[in-house]
Structure formats: C-alpha cells, structure tokens
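Here's the structure, in structure tokens; my notes come after.
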Amino acid sequence: MRTILALIAAFVVWSLAAFVLQMVGFFGLLGFVLQLAAAVAVFFLVKAAGKDKGPSASALPPGFSTDFHHDNIAIDTKSNRVWLRDRKSGQTSTLDKGNLLRWTHRYTTGNHGTWVKNFIDVEVRDLNHPKYEVAFNRHSELSIFGARKNQAECEEWQSRLTTWINNT
C-alpha cells in the first residue's frame, strides 16, 4: 500500500514539475531529467516515511524499556526480558531471558540465491505457546535489495539473541 501511495505522489510531482519547468522555460532533456529527479526523490521520501520503526508503545507491556527493537521482537536489557510477536497468531508475549530455549533462522531461497521469507523460530518454556515465529519482513522482497536487508536484519537479531543470552 505504501508503494502505491508513493507512486501516486511521484506521478503528481512529475506532472507539477512538468508544468512548472515549462513555465520557466526548461524544455527537452534538461526538463525531463529535472522532472525525473523530482519524481524519484518524492517516491523514496514517501515510501520511507511510513516505515515501522519497531513495535508500537501500546504493543509493549508497561515498564518494558526497549534497548533493541524490531517490528516483532524487542529486548529490555535492564530487566532481562524479551518481547516477541508471533507471525501466525499475532500473539505477543514478554518472557524472561531464562525462558528462551533456542532459536533458528529459517528462510526460503529465492531468485539469484537471495533469502526471502526470513524468520527466527524461537522456542520458549511455555506449554501454551512453545514456539514463536518472528518475521523479518520490514522491506519489500520484490527487489533483491529489500530481500537482502531483511536477511541481514534477521541474521543480526539471531546474533543479538546469542550475545545477549551468553554474555550477560
């Protein structure tokens, strides 16, 4: 949805730039390049403006201080707790560090060897909900660049969990 909105905004800017540039007297290749630059800049600004910068404050329990956070996972190092949101059920849970058993990076291999559909499967000490599937899909995987960003963020969080558990 954000991409469609960005495309519409870019088209509006493209049209306005054409009108303004023609009024000023910029025709031909120079006018086209200026129109294109304005449209591309607005596209990326609008697309980036709506990005989720982590879980909303209402999703987190009271008193949870996020030292590190992503869309579906957050760590509070002061109280040694982790917040997880399951992709399938949408259920959230706050767990003590000692209740994390293991985690695995799971993905599907896409075109050009990229990893798409990146998840960390977190197994916890909870009989009611023993496994959380934490999704890393902040960036569109229609491009190789978005897929690689999701992969890198997932790998970073896998390392972050390991470091947090083993070194503190």
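Readers should treat all values here as calculations from the given coordinates under stated rules, not as data from a laboratory. This one's a predicted model, so the numbers in the text were calculated from it and none came from an experiment. So basically every Cβ, Gly included, is an ideal-geometry build from the backbone, and we count neighbours across all protein chains shown.
Counting just the residues of segment 133-161 that are over 13 Å from residue 70 (Cβ atoms) and in contact (Cβ under 8 Å) with a residue 24 or more places away in the chain, which one comes out surrounded by the most Cβ atoms within 10 Å (Cβ to Cβ)? Filtering first and then ranking leaves 147. Residue selection: residue 22 fails the criterion of being in contact with a Phe, Trp or Tyr (Cβ under 6 Å, 6 or more places away or on another chain) and of a type outside the set (Gly, Ala, Ser). Taking first residues from segment 85-102 that are more than 10 Å from residue 122 (Cβ to Cβ) and partners that are acidic (Asp, Glu) and surrounded by 16 or more Cβ atoms within 10 Å (Cβ to Cβ), the Cβ contacts under 7 Å between residues at least 6 apart in sequence or on separate chains come to 87/133; 88/133.
Just a yes or no: is a residue in segment 133-142 closer than 21 Å to residue 2 by Cβ and polar (S, T, N, Q)? Step through it out loud before you land on a result.
Within segment 133-142, the subset closer than 21 Å to residue 2 by Cβ is 135-142.
Still in the running and polar (S, T, N, Q): 137, 140.
Checked against the condition, which is being closer than 21 Å to residue 2 by Cβ and polar (S, T, N, Q), segment 133-142 yields at least one hit.
In the condition set (1) under 24 Å from residue 48 (Cα atoms); (2) acidic (Asp, Glu); (3) outside any loop (DSSP other than H, G, I, E, B), residue 141 is compliant with all but (3). Taken over segment 104-151, the criterion of being among the charged types (D, E, K, R) and either more than 19 Å from residue 75 (Cβ to Cβ) or within 12 Å of the chain's Cα centre (by Cα) (or both) is satisfied by 106, 117, 138, 141, 148, 149.
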